[in-house]
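Below is one structure, written out as structure tokens, with a few remarks after it.
Quick note: the coordinates plus some simple rules give every number you see, no bench work behind them. For clarity, every value in this text was computed on a predicted model and none was experimentally measured. Please note: Cβ atoms are built from the backbone with ideal geometry, for glycine as well, and neighbour counts cover all protein chains shown.
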Amino acid sequence: MSGVKSLKIALLGCGTVGAQVARILLEDQAELTTRSGAQLELTGIAVRNTSTTRDVEIPAGLFTTDAETLIDGADVVIELLGGLEPAGTYIARALTRGASVITGNKALIAAHGAQLNALAAEHGAQLRYEAAVAGAIPILRPIADSLAGDHITKVMGIVNGTTNFILDAMDSTGAAFDDVLAEAQALGYAEADPTADVGGHDAAAKAAILASLAFHTTVSIDQVHCQGITEITAQDVADAKAAGYVIKLLAIAEKTGSGISARVYPALLDRSHPLGSVRGAFNAVFVEAQNAGDLMFYGAGAGGAPTASAVMGDVVSVARALATGTVLPAASALEAPVLADFAEVTTRYWIGLSVTDQPGMLARIASVFAEHGVSIEAMNQSTAGDGTAHLRMLTHEGSEEALASTIGDLEALDTVASVTSVLRVEGN
Ligand code: HSE
């Protein structure tokens with residue numbers, strides 16, 4: 001098209017997602033021009049090794065090891081290197097020059113999003129990161145744009161495919177965590193070092209980003225309470241299933257009476273909850289808003305082409321603004337976050353106890369709950385036949401502080417051999 005503005009696009013990284021972004025930019029150039037109103041010219045791809053074989057066919061002349069020169073000649077920089085450095089330095093360099101940046105780097109945004117957003121605003125550049133949360137699922141733009149006229153009260157997501165695959169397999173086969181993790185690694189669903197996924201840290205980065213956008217503020221990953229799934233036993237999963245629940249690792253951003261709570265933990269969900277039906281490595285995000293009511297977003301949370309779809313959505317959106325010379329304001333005026341103390345967060349709890357089966361045992365346990373104002377909703381007892389029993393106590397809503405005191409006192413009772421698990425119950 002003549003008279004169409006040309007935009008120079010620099011791609012940093014050519015891994016699973018980067019290669020797919022390069023493919024789409026090369027294959028769909030004509031259509032992308034029509035959709036964005038700008039000619040998108042991929043000027044180069046910065047990589048560590050220019051002779052590595054890639055997943056897709058890319059002209060060799062596009063590869064360079066000189067990321068700085070590539071960035072300095074670009075209107076738009078797509079950062080898909082991952083990790084804090086050198087990605088952070090490259091993004092700052094691009095924004096400082098006034099180039100817009102699209103990244104899928106959740107770790108970087110969750111740690112330094114506030115500074116990078118400020119840098120973008122200062123230099124009239126755009127910074128987008130739809131691909132950083134839940135892969136292909138359009139969730140950040142719906143939260144930041146589509147729901148900008150509403151009040152979000154809670155966001156609750158299954159945002160880590162590895163852990164959902166593991167918990168789903170435990171639920172459907174009854175297998176133990178370690179066995180399912182080994183299978184997930186063999187199938188390529190879990191990394192050789194799965195710590196970031198099973199420890200909840202990947203989900204915590206996403207929770208920080210979701211909380212920041214949902215509540216027009218900046219929450220960083222170190223402000224997210226984080227607990228992973230490594231302690232979940234086959235018995236927990238089986239007992240939850242028998243009671244009509246499924247265990248999911250949830251990333252939660254919630255506006256509570258005492259401030260914003262961002263937290264990640266494995267929780268019981270009623271099997272009929274929309275998030276309860278999310279199987280395998282899929283992701284989903286459930287949003288509660290004052291006027292819209294309940295919304296659910298579902299799809300592939302990782303993978304080359306799905307994540308590239310999210311990146312390309314940002315590319316077209318940024319290109320449209322650059323083509324028309326529109327200066328988009330920041331998503332919202334960012335307020336300083338008022339964070340809730342985790343001790344004040346309230347949920348329902350599901351507590352497993354191994355106890356001595358003797359007269360008065362239940363009364364003593366119930367009195368500990370009563371002393372801390374934690375009300376019991378339901379209880380289930382299975383007797384082992386050797387003088388011990390296993391109890392599962394489901395509570396009404398109580399604070400984390402009351403829960404911690406209750407657990408401490410339960411552990412001190414001589415009739416309680418051990419507290420076998422403490423899990424939260426989410427969803428209505
Ligand atoms: N490791 C993540 C997951 C994908 O298992 O969902 C990238 O965020």
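Kindly express, to the nearest 10 degrees and within the range 0 to 90, the angle between helix 201-214's C-alpha long axis and the longest C-alpha principal axis of the chain.
The angle comes out at about 70 degrees.
First check a/c for segment 140-300, with a ≥ b ≥ c the square roots of the eigenvalues of its C-alpha gyration tensor; if it is under 1.5, answer rounded, and if not, answer prolate when a/b is larger than b/c or oblate otherwise.
Prolate.
Determine the shape class of segment 211-351: with a ≥ b ≥ c the square roots of the Cα gyration tensor eigenvalues, call it rounded for a/c under 1.5, and otherwise prolate if a/b is greater than b/c, oblate otherwise.
In terms of gyration-tensor shape, oblate.
Considering just Cα atoms, how many Å³ per residue does the convex hull of segment 344-425 enclose?
75
Grab the other residues whose beta carbon is less than 13 angstrom from that of SER261, score K and R as +1, D and E as -1, and report the net. Provide the component values of the computation, followed by the final result.
Numbers: positive: LYS154, LYS255, ARG263, ARG424; negative: GLU254, ASP341, GLU344, GLU400, GLU426.
For residues surrounding SER261, the net value is -1.
Expressed as an acute angle from 0 to 90° and rounded to the nearest 10, what is the orientation of the C-alpha long axis of helix 400-412 relative to the principal long axis of the chain?
Helix 400-412 sits roughly 40 degrees off the main axis of the chain.
Starting from the Cα of LYS154, draw a straight line to each of the aspartates and glutamates and keep only those under 13 Å, dropping any in the same chain fewer than 8 residues away.
Once the sequence-local aspartates and glutamates are set aside, what remains near LYS154 is GLU254, GLU288, ASP294, GLU426.
Going toward the positive end of the dipole of the chain, with +1 on Lys and Arg Cβ and -1 on Asp and Glu Cβ, which of ILE351, HIS225, ALA67 do you reach last?
Of the listed residues, the answer is ALA67.
Could you list which residues have their amide H under 5 Å from that of ILE152, counting only those 5 or more apart in sequence or on another chain, with H placed in the peptide plane?
Amide H neighbours of ILE152, under 5 Å, 5+ apart: GLN290.
If the viscosity is 1.306 mPa s and the temperature 10 °C, what Stokes-Einstein diffusion coefficient in µm²/s follows for the chain when Rh is the Kirkwood radius over Cα pairs? Numbers along the way, then the final one.
Details: Rh = 23.2 Å.
Value of D from the Cα-based Kirkwood radius: 68 µm²/s.
Set the Förster distance to 30 Å, then compute FRET efficiency between ALA92 and ASP193 from the Cβ-Cβ distance, nearest 0.05.
Computed FRET efficiency for ALA92 and ASP193 comes out at 0.60.
Just need the relative contact order of the chain here, percent rounded to a whole number, with Cα pairs under 8 Å and 6+ apart.
Across the chain, relative contact order equals 16 percent.
Per residue of segment 376-382, what does 6.51 cos²θ - 1.76 cosθ + 1.60 with θ = phi - 60° give for ³J(HN,Hα)? Whole Hz please, x for Gly and Pro, Karplus curve as stated.
Listing the rounded values in order: 7, 9, 7, 8, 9, 10, 10 Hz.
Can you run phi through the Karplus equation (6.51, -1.76, 1.60; θ = phi - 60°) for segment 297-302 and list ³J(HN,Hα) in whole Hz, with x for Gly and Pro?
Calculated HN-Hα couplings, in order: 10, 9, x, 6, x, 7 Hz.
With θ set to phi - 60° and the Karplus curve 6.51 cos²θ - 1.76 cosθ + 1.60, what are the ³J(HN,Hα) couplings of segment 129-144 in order, to the nearest whole Hz, using x for Gly and Pro?
Result, ordered by residue: 8, 3, 6, 6, 10, 6, x, 6, 5, x, 10, 6, 5, x, 5, 6 Hz.
State, as an integer percentage, the relative contact order of segment 199-286 based on alpha-carbon contacts under 8 Å between residues 6 or more apart.
RCO, segment 199-286: 29 percent.
If I build a Gaussian network model for the chain, linking alpha-carbon pairs within less than 10 angstrom, which residue out of ALA204, ALA321, ALA19 has the largest mean-square fluctuation?
Comparing ALA204, ALA321, ALA19 in a Gaussian network model of the chain, the most mobile one is ALA321.
How long are the semi-axes of the equivalent ellipsoid of segment 290-428, taking √(5λ) for every eigenvalue λ of the Cα gyration tensor, in whole Å from largest down? Walk me through the intermediate numbers first.
Values: eigenvalues 495, 75, 31 Å².
Taking √(5λ) for each eigenvalue gives 50, 19, 12 Å, largest first.
Taking the chain as the reference, fit the longest principal axis to its C-alpha atoms, fit the long axis of helix 106-122 to the helix C-alpha atoms, and give the angle between the two in degrees, 0 to 90, nearest 10.
50
Could you give the dipole magnitude of segment 140-300 about its Cα centre, charging the beta-carbon of Lys and Arg +1 and that of Asp and Glu -1, in debye to the nearest 20?
Working: 9 positive and 19 negative charges, 104 e Å.
It works out to roughly 500 debye.
Need one word for segment 1-113: rounded, prolate or oblate. Basis is the Cα gyration tensor (sqrt eigenvalues a ≥ b ≥ c); a/c below 1.5 gives rounded, then a/b vs b/c decides.
The shape class here is oblate.
Considering only DSSP states other than H, G, I, E and B, which trypsin sites (Lys or Arg not before Pro) in segment 264-328 qualify as loop sites with at most 16 other Cβ atoms within 10 Å?
Hits after loop and neighbour filter: ARG271, ARG279.
Going by amide H atoms built from the backbone, whose H comes under 5 Å of the H on ASP357, apart from near neighbours?
Those qualifying (amide H under 5 Å, at least 5 residues apart or on another chain) are THR388, ALA389.
Give the residue from VAL47, GLY124, LEU210 lying farthest towards the positive end of the charge dipole for the chain; charges sit on Cβ (+1 for Lys and Arg, -1 for Asp and Glu) and the dipole is referred to the Cα centre.
Of the options given, the answer is GLY124.
Let's see if you can work this out: charge +1 on each Lys and Arg Cβ, -1 on each Asp and Glu Cβ, no other charges. What is the dipole magnitude of segment 208-275 about its Cα centre, in debye to the nearest 20?
Roughly 180 debye, rounded to the nearest 20.
Hey, can you grab everything whose amide H is under 5 Å from the amide H of PHE63? Only 5+ residues off in sequence or another chain; H modelled, so Pro and N-termini drop out.
Counting only residues 5 or more places away or on other chains, the set is ILE45.
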